[in-house]
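Peer 1: Structure incoming, see below.
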Amino acid sequence: MPRLHKAMIGLFSVLKRQVRRFWRFAWRGSIWRKLTVGALAAVFLFTSASYGVAQWYISKHAKEPLTLGASFIADYATSFGLDPYATLEAIFKDLQIRQVRLVSYWNKMEPQPGQYDFTELDWQYDLANRYDAKVSLSIGLRQPRWPECRQPVWTANMPKEQWQPRLYDFITAVVNRYKDNPATADYELENEFLLKAFGKCTDFDRQRLIEEYNLVKRLDPKTKLIISRSNNWVGIPLRQPTPDQFAISVYKRVWDYAYTHRYVEYPMPPWFYASLAGYEELLSGKDMIIHELQAEPWPPPPKSLRETPLNEQFKSLDPKRLKDRIDFGIATGMRTIDLWGAEWWYWMKTKNDDPRFWNIVKEAVAKAEIDNQKLADRD
């Protein structure tokens, strides 16, 4: 022990001298050296704090059940030449997924002023109820899939003062129709509302988002309301409205059509997203979910995914990457994860005789169910 004690004292003395030497180097130099050292120190402290917050968040939620869900859009299934009904039923029956995010496109469900067509969404709800699945219902002007904003043609020449009340009427009709449906678990309002860099959207008025939030809460105060943000931004949404829960999208490998015109792999590790969720929970008391985890390719434009050769598709997502993406999402510590691309997996399985992607998701869902049962048994 004495020798170890002396060694520790010696090591501490060496470290102390090195710190003093670095301190003299940093603060006796030019102003640019001081600024550089200060900036590096700030980055180090922020990164260390974020990592700590991430580990706190992951640990806090580790014993909660994991829900692996999927988004489903009937029009997207049709674009692959699939039967939308068969596709959604396979998601429930074969994959055993019990949470699905559905859409309510304004331009499709109100083709003429005041004439609502709920036929398509009704049968999706009927299927969800048949399989005891829960629905996260996307509402508002901006909803998943390009071009994001779904304004009817008949509003094209209307000023905002005219089309905005019509939008509120439509939201009211949708909420009133499905708020008492046993499948409705929550609403997702205005998908990634403030993301200006993606989609054909022109109105980013936060006051409209606040008014829509208040409208939905008046119509259905008992159902959880989610507002989503895009991924990779460090900022934490603290301004109004404050939803019951936040959502984030996580994409890892995409085609960058704006700058590099090549595939880009976002370098952020899982703990980065855990830190965003952790900071949000610490500051607002609200949890976060992943409402879109990339689980389909993102190829170069202008061809659609169906028109893109498979070897090109696999450059952004192959079977190994899909498995890694699911593991990545789970490693963020967020316990609700909606996978993005169910229609594509089914297309690969049924039209391309390649069930690998479908089976990877099926195995992940089954494993999550087993792990959840183990957690329940411990309790």
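The values are calculated or read from the model by the stated rules, or taken from the named source; none is laboratory data. As the structure is a computational prediction, the values presented were derived from the model and not from experiment. Cβ coordinates were reconstructed from backbone atoms using ideal geometry, including for glycine residues, and neighbour counts include every protein chain displayed.
Peer 1: When the residues of region 289-304 are narrowed to those that are in contact (Cβ under 8 Å) with a residue 60 or more places away in the chain and assigned to a loop (DSSP other than H, G, I, E, B), which ends up surrounded by the most Cβ atoms within 10 Å (Cβ to Cβ)?
Peer 2: Filtering region 289-304 for residues in contact (Cβ under 8 Å) with a residue 60 or more places away in the chain gives 289, 291-292, 295, 304.
Next, from what is left, pick out any that are assigned to a loop (DSSP other than H, G, I, E, B): 295, 304.
On the way: ALA295: 25, SER304: 11.
So, considering only residues that are in contact (Cβ under 8 Å) with a residue 60 or more places away in the chain and assigned to a loop (DSSP other than H, G, I, E, B), the one surrounded by the most Cβ atoms within 10 Å (Cβ to Cβ) is ALA295.
Peer 1: Could you tell me which of the residues TYR187, TYR116, TYR168 is touching a Ser or Thr at 6+ places or on another chain (Cβ under 9 Å), touching a residue at least 12 places away in the same chain (Cβ under 8 Å) and of a type outside the set (S, T, N, Q)?
Peer 2: TYR187
Peer 1: So, in region 263-288, how many residues would count as being in a strand (DSSP E or B) and surrounded by 22 or more Cβ atoms within 10 Å (Cβ to Cβ)? Outline the logic, then answer.
Peer 2: The first filter runs over region 263-288 and keeps only residues in a strand (DSSP E or B), leaving 263-265, 288.
Filter once more, so that each one left must be surrounded by 22 or more Cβ atoms within 10 Å (Cβ to Cβ): 288.
Of the residues in region 263-288, 1 are in a strand (DSSP E or B) and surrounded by 22 or more Cβ atoms within 10 Å (Cβ to Cβ).
Peer 1: Residue under question is ILE330, and the condition is that it be in contact with a helix residue (DSSP H, G or I) (Cβ under 9 Å, 6 or more places away or on another chain) and outside any strand (DSSP E or B); does it hold?
Peer 2: Spelling it out, ILE330 is indeed in contact with a helix residue (DSSP H, G or I) (Cβ under 9 Å, 6 or more places away or on another chain) and outside any strand (DSSP E or B).
Peer 1: Can you tell me which residue in region 101-128 is farthest from HIS291 (Cα to Cα), limited to those that are small (Gly, Ala, Ser) and buried (at least 21 other Cβ atoms within 10 Å of the Cβ)?
Peer 2: If we take residues in region 101-128 being small (Gly, Ala, Ser) and buried (at least 21 other Cβ atoms within 10 Å of the Cβ), then ALA128 is farthest from HIS291 (Cα to Cα).
Peer 1: Let me ask something else about it. Which one is nearest to ASP377 (Cα to Cα), of the residues in region 55-91 that are in a helix (DSSP H, G or I) and polar (S, T, N, Q)?
Peer 2: SER59
Peer 1: Within region 245-262, track down each residue that is farther than 27 Å from ILE226 by Cβ and part of a loop (DSSP other than H, G, I, E, B).
Peer 2: First pass over region 245-262, keeping only residues farther than 27 Å from ILE226 by Cβ: 255-262.
TYR257, ALA258, TYR259, THR260, HIS261 - these are the residues of region 245-262 that are farther than 27 Å from ILE226 by Cβ and part of a loop (DSSP other than H, G, I, E, B).
Peer 1: So, one more: Within region 348-368, can you find the residues that are surrounded by fewer than 16 Cβ atoms within 10 Å (Cβ to Cβ) and assigned to a helix (DSSP H, G or I)?
Peer 2: Here is the first cut: in region 348-368, the residues surrounded by fewer than 16 Cβ atoms within 10 Å (Cβ to Cβ) are 351-356, 359, 363, 366-367.
Hits for region 348-368 are LYS351, ARG356, ASN359, GLU363, ALA366, LYS367.
Peer 1: Counting only residues that are in contact with a helix residue (DSSP H, G or I) (Cβ under 9 Å, 6 or more places away or on another chain) and small (Gly, Ala, Ser), how many does region 123-139 have?
Peer 2: Adding up the residues that qualify gives 2.
Peer 1: For region 176-191, check the following and say yes or no: at least one residue is farther than 30 Å from GLU312 by Cα, surrounded by fewer than 21 Cβ atoms within 10 Å (Cβ to Cβ), modelled with pLDDT of 95 or more and basic (Lys, Arg).
Peer 2: Yes, some residue in region 176-191 is farther than 30 Å from GLU312 by Cα, surrounded by fewer than 21 Cβ atoms within 10 Å (Cβ to Cβ), modelled with pLDDT of 95 or more and basic (Lys, Arg).
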